[in-house]
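Presented below is the structure to which this report refers.
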Amino acid sequence: MVTYDQFTGHCQAVLERMAQACQACGRSPSSVRLLPVTKTHPFEAAEYAHRFGLSAVAENRVQEALLKRPLTPAGLRWELIGHLQSNKAKQALQAFDVLQSVDSAELAARLGRIATELGLTREVYVQVNSGDDPAKFGCDLAQAPAVLEALLPHQSLKVIGLMAIAPLSDDPAVARRTFAELRRCRDDLETRFGVKLPELSMGMSGDLESAIAEGSTLVRLGTALFGERLQSTP
């Protein structure tokens, strides 16, 4: 993994890219948050983020967060961005403050029931496969209303937005369309259900400019900050 000084340089470069992207579309740089993705890196990666002044880190796997979180500063928030299997719902609720990958009504209901039983309150995103990519998780655009509807009755779950991952493509227009579809989906859901969904988690190192132009409030970066990934923690 990179040194802390290298990490600092990477963060500053990414934040400058984000600021330029915001300026290009008339947005304030403060409207977009950088979320470091620490997956497969040692727990020191999360410490780097905290020391730099970032408020949260993201992991793809529940088990990695369970192993790393006890070793890191208590004030750091942990966000799940990887696919969540229903049998890991309880562990995920215990390991993370935010769950970005709620992609079915069944999972929503299970999370709501378990969170209530445990006396926990968690923020959640609906993950939508707005790029219609068979290689990506997330509900279809047409299923998003049902997932949101399943989440809303649970006071233990606060739905704050939507998340998407763009398909891998050499054509930048593919990512731009994916992000535009997610924003339109969010707008439709807000109107239909009379709720506010202020967060749009979309954009990574290769497409953050397109994501910000389409309204992203959070970009997720890992390798660009921490260097090449290590072998995954078992």
Counted residues in the stretch 1-12 being open to solvent by 20 Å² or more (accessible area, probe 1.4 Å) and assigned to a helix (DSSP H, G or I) come to 7
Q) When you look at VAL159, is it in contact with a strand residue (DSSP E or B) (Cβ under 7 Å, 6 or more places away or on another chain), free of Cβ contacts under 8 Å to residues at least 40 places away in the same chain, within 26 Å of GLY119 (Cβ to Cβ) and not hydroxyl-bearing (Ser, Thr, Tyr), yes or no? A) yes
| query | Would the stretch 148-156 turn up any residue that is surrounded by 17 or more Cβ atoms within 10 Å (Cβ to Cβ), among the hydroxyl-bearing types (Ser, Thr, Tyr), closer than 29 Å to GLY206 by Cβ and in contact (Cβ under 8 Å) with a residue 24 or more places away in the chain? | reply | no
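If I go through the stretch 157-173 residue by residue, how many of them are of a type in the set (A, V, I, L, M, F, W, C) and open to solvent by 30 Å² or more (accessible area, probe 1.4 Å)? Before the answer, list the steps.
At the first step, the residues of the stretch 157-173 found to be of a type in the set (A, V, I, L, M, F, W, C) are 157, 159-160, 162-166, 168, 173.
Keeping just the survivors that are open to solvent by 30 Å² or more (accessible area, probe 1.4 Å) gives 165, 168, 173.
Here the count works out to 3.
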Of (1) in contact with a strand residue (DSSP E or B) (Cβ under 9 Å, 6 or more places away or on another chain); (2) under 30 Å from HIS50 (Cα atoms); (3) open to solvent by 20 Å² or more (accessible area, probe 1.4 Å), GLY206 satisfies every one except (1)
Scanning the stretch 191-201 residue by residue, those surrounded by 14 or more Cβ atoms within 10 Å (Cβ to Cβ) and under 11 Å from LEU162 (Cα atoms) turn out to be LEU197, GLU199, LEU200, SER201
Looking across the stretch 95-133 at residues that are assigned to a strand (DSSP E or B) and hydroxyl-bearing (Ser, Thr, Tyr), the single one that is farthest from ARG186 (Cα to Cα) is SER101
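What tally of residues in the stretch 118-133 results from selecting those that are of a type outside the set (A, V, I, L, M) and over 14 Å from ALA108 (Cα atoms)?
Initially, the stretch 118-133 is screened for residues of a type outside the set (A, V, I, L, M), giving 119, 121-123, 125, 127, 129-133.
Keeping just the survivors that are over 14 Å from ALA108 (Cα atoms) gives 119, 129-133.
Number satisfying all stated conditions: 6.
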- Determine if the stretch 110-119 includes at least one residue that is open to solvent by 40 Å² or more (accessible area, probe 1.4 Å), farther than 25 Å from ALA173 by Cα and at pLDDT below 95. no
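Keeping to the stretch 23-43, report how many residues are of a type outside the set (Ser, Thr, Tyr), more than 15 Å from MET204 (Cβ to Cβ) and either touching a Lys or Arg at 6+ places or on another chain (Cβ under 6 Å) or buried (at least 19 other Cβ atoms within 10 Å of the Cβ) (or both). Walk me through how you get there before you give the answer.
We begin by selecting, within the stretch 23-43, every residue of a type outside the set (Ser, Thr, Tyr); these are 23-27, 29, 32-37, 39, 41-43.
Now restrict to residues that are more than 15 Å from MET204 (Cβ to Cβ): 23-27, 29, 41-43.
Checking the rest, the ones that are also either touching a Lys or Arg at 6+ places or on another chain (Cβ under 6 Å) or buried (at least 19 other Cβ atoms within 10 Å of the Cβ) (or both) come to 41, 43.
Number of matching residues: 2.
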Boolean, ASP97 is modelled with pLDDT of 95 or more, open to solvent by 30 Å² or more (accessible area, probe 1.4 Å) and of a type in the set (D, E, K, R): yes
Here the residues within the stretch 46-63 that are farther than 15 Å from ARG220 by Cβ and open to solvent by less than 40 Å² (accessible area, probe 1.4 Å) are TYR48, VAL62
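The values are calculated or read from the model by the stated rules, or taken from the named source; none is laboratory data. Since the structure is predicted, the reported quantities are computational estimates derived from the model, not experimental observations. We place every Cβ from the backbone using ideal geometry, glycine too, and count neighbours over all the protein chains shown. Ligands, DNA and RNA are stripped out before the accessible areas are found, and what is left, the full protein with its side chains, is counted by its heavy atoms. Shrake-Rupley method; radii C 1.70, N 1.55, O 1.52, S 1.80 Å.
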